[in-house]
1. Residue by residue through region 85-112, note down the ones that are within 19 Å of E65 (Cβ to Cβ) and in a loop (DSSP other than H, G, I, E, B).
2. Can we say A183 is more than 29 Å from V40 (Cβ to Cβ) and in a helix (DSSP H, G or I)?
3. Given (1) at pLDDT 90 or above; (2) of a type in the set (S, T, Y); (3) part of a loop (DSSP other than H, G, I, E, B), where does S51 come up short, assuming only one miss?
4. Report, by residue number, each residue of region 78-95 that is in contact (Cβ under 8 Å) with a residue 24 or more places away in the chain and either in contact with a Ser or Thr (Cβ under 9 Å, 6 or more places away or on another chain) or among the charged types (D, E, K, R) (or both).
5. Go through (1) part of a loop (DSSP other than H, G, I, E, B); (2) in contact (Cβ under 8 Å) with a residue 60 or more places away in the chain for P71 and report which single condition fails.
6. So, in region 97-140, how many residues would count as being in contact with a Leu (Cβ under 6 Å, 6 or more places away or on another chain), surrounded by fewer than 16 Cβ atoms within 10 Å (Cβ to Cβ) and farther than 18 Å from D57 by Cα?
7. Scan L239, L181, L235, L198 and give me the residue that is modelled with pLDDT of 90 or more and within 22 Å of G48 (Cβ to Cβ).
8. For L191, indicate whether it is at pLDDT below 95, part of a strand (DSSP E or B) and touching a Gly at 6+ places or on another chain (Cβ under 8 Å).
Amino acid sequence: MLSYTRLAHDANVAAIPVHPGDALAIDPAEFDVDDSAGEVGATDLPPGADSGLLLHDVLEIADLEVARRAPDLAAWSGDPAVAAQIANKARERGVAERTLPHAASIVYQTLTAPLALIDGTTLPPLVDAIAFAREVEFGYPIPAIPAIPAIPAIPAIPAIPEIPAPANGPRGLVKGFIDGLVAWDDELWVLDYKSDLLAGDDLAAMAQHRVRERYAVQARLYAIAADRLRGPRRLAGLLFAFIRHGIVVPVRTAGDTLATWSAWLAQISEQALPGRERRP
């Protein structure tokens, strides 16, 4: 398997060995784990994987119409069905009951507040999206590197012969789940929830740094997946929502971004498969 964690630390990693005859499998599930740490209040939701999974669980199943109609947090969290959902998921994840009001607040704000992007723009609340598909499964083949055509000779420079495409063989699959595909007007966004506990004087800068250092590979792989699922809408980009803090980091796709990322993925897989020579 091509290590998603290793890719996360080095997007241009040259070679990751697999057994001869194996295809590559990339599963972005590793990025769903909140491994942040820090001090919080006694009734605050603590950082860590269990808390992150609880928030993801509730955001996946929350009734959007109930959240839309609720006048405030107290009304929403006091709804018997909502309270039961949160309590049940908390028991499954081993999260303390005293922290559930804070968890409910995070979920409610995530669904009903406008999305304030760190670039100064704003998107409508998730409950007001034209379309909002949650926990979207995807799988797509790793693209192959195409042949490089021959270059004819010109004065003082000899011709360069064609470099054929690599021989046919198993290349592998990118698979996983996207937290949400959200449409406003004719734009489609990939939404990814991050429950990381951020610290420092500039939380927006910290969130942006975290996306750049830890989630750049995830952005590439999810964008390629979403481009295959977008239908007639334009893929605007990705939204990394740091839901504890109400901070959203956009990664916009434009021009040849997707083509560049697809070529990168093909190159990574070519270098990782055994028995294939690297391209210069």
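The values are calculated or read from the model by the stated rules, or taken from the named source; none is laboratory data. Model, not experiment: these values are computed from the prediction. FYI the Cβ positions are ideal-geometry reconstructions off the backbone, even for glycines, and counts take in every protein chain you see.
1. Selection gives nothing.
2. So A183 does not fit the description; no.
3. Failed condition: (3).
4. I86, K89, A90, E92, R93, V95
5. Condition (2) is where P71 drops out.
6. The number of residues fulfilling the criteria is 1.
7. Among L239, L181, L235, L198, only L198 is modelled with pLDDT of 90 or more and within 22 Å of G48 (Cβ to Cβ).
8. Working: at pLDDT below 95: no; part of a strand (DSSP E or B): yes; touching a Gly at 6+ places or on another chain (Cβ under 8 Å): yes.
No: the conditions fail for L191.
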